[in-house]
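Working notes, structure below.
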Amino acid sequence: MRGWLWLLVVLALGGLFWWGMQRNPKELPSVLAKERRPAPDFTLPLLPPYRAEWGEAFRLADHLGKRPIVLNFWASWCYPACYEEAPILEASWRRHREEVLFVGVNTQDKEEEALRFIAQFGLTFPQVYDPRGRVGVDYGMYGVPETFFIDREGRVLARHAGAIDEATLARYLEEALR
């Protein structure tokens, strides 16, 4: 009798594992995006290289309703995904900076490591520092990198999990700019 019980437990766990492996992690649900909810506001300190242009702190509400926003959560320890997408985000920011605001949220990281990452990729769009990852919780973030697209009305339009490629970023930007 005990043998059958163990067999059932092993089969159930195996089935659960198999089901989980069939899911695409980029399709993790986001209630914010699905229901087009307002983007959760936050105020976080800007990392030192951005303070001259953007001030000491960045408050999302000050920028909502003006233009679409690309909110990218990242960390220096997020290898290789964050390293793959950083140049793509920077290039897109340089192309669209007059019409779309890009904001990086460095999360659960050490400031010195974040600053090295920023220098390595020459990131010029504003970067805020969230060492405890509290803003990510408000957005329902599963892990880094994740990118949220906020429309002109300040509502979450879409969420992308994992490193974003150039074509996917362009598609989301096109939708946000409509």
Filter the stretch 124-178 for residues that are in a strand (DSSP E or B) and polar (S, T, N, Q); the one that is nearest to the chain's Cα centre (by Cα) is 147
Taking first residues from the stretch 78-99 that are within 14 Å of residue 127 (Cβ to Cβ) and second residues anywhere that are surrounded by fewer than 13 Cβ atoms within 10 Å (Cβ to Cβ), the pairs with Cβ under 7 Å that are 6 or more apart or on different chains are 90/122
Residue count, the stretch 129-147, condition among the acidic types (Asp, Glu) and either surrounded by fewer than 17 Cβ atoms within 10 Å (Cβ to Cβ) or in contact with a Pro (Cβ under 7 Å, 6 or more places away or on another chain) (or both), comes to 1
Among 72, 106, the single one that is touching a Gly at 6+ places or on another chain (Cβ under 6 Å) and buried (at least 20 other Cβ atoms within 10 Å of the Cβ) is 72
Pairing a residue in the stretch 48-71 that is free of Cβ contacts under 8 Å to residues at least 40 places away in the same chain and over 25 Å from residue 119 (Cβ atoms) with any residue that is polar (S, T, N, Q) and assigned to a strand (DSSP E or B), where Cβ atoms lie under 7 Å and the two sit 6 or more apart in sequence or on different chains, gives 59/43
Within the stretch 34-48, residues more than 22 Å from residue 124 (Cβ to Cβ) and either of a type outside the set (D, E, K, R) or at pLDDT 95 or above (or both) come out as 38, 39, 40, 41
Wholly inside the stretch 31-114, helices (runs of 4 or more DSSP H) that include 1 or more residues that are in contact with a Leu (Cβ under 7 Å, 6 or more places away or on another chain), within 18 Å of residue 150 (Cβ to Cβ) and among the aromatic types (Phe, Trp, Tyr) are 51-54
Among 112, 35, the single one that is without any contact (Cβ under 8 Å) to a residue 12 or more places away in the chain, exposed (fewer than 15 other Cβ atoms within 10 Å of the Cβ), under 21 Å from residue 174 (Cα atoms) and over 17 Å from the mean Cα position of the chain (by Cα) is 35
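The values are calculated or read from the model by the stated rules, or taken from the named source; none is laboratory data. Please read all numbers here as calculations on a predicted model, not as lab measurements. Note: ideal-geometry Cβ built from the backbone for every residue, glycine included; neighbour counts use all protein chains shown.
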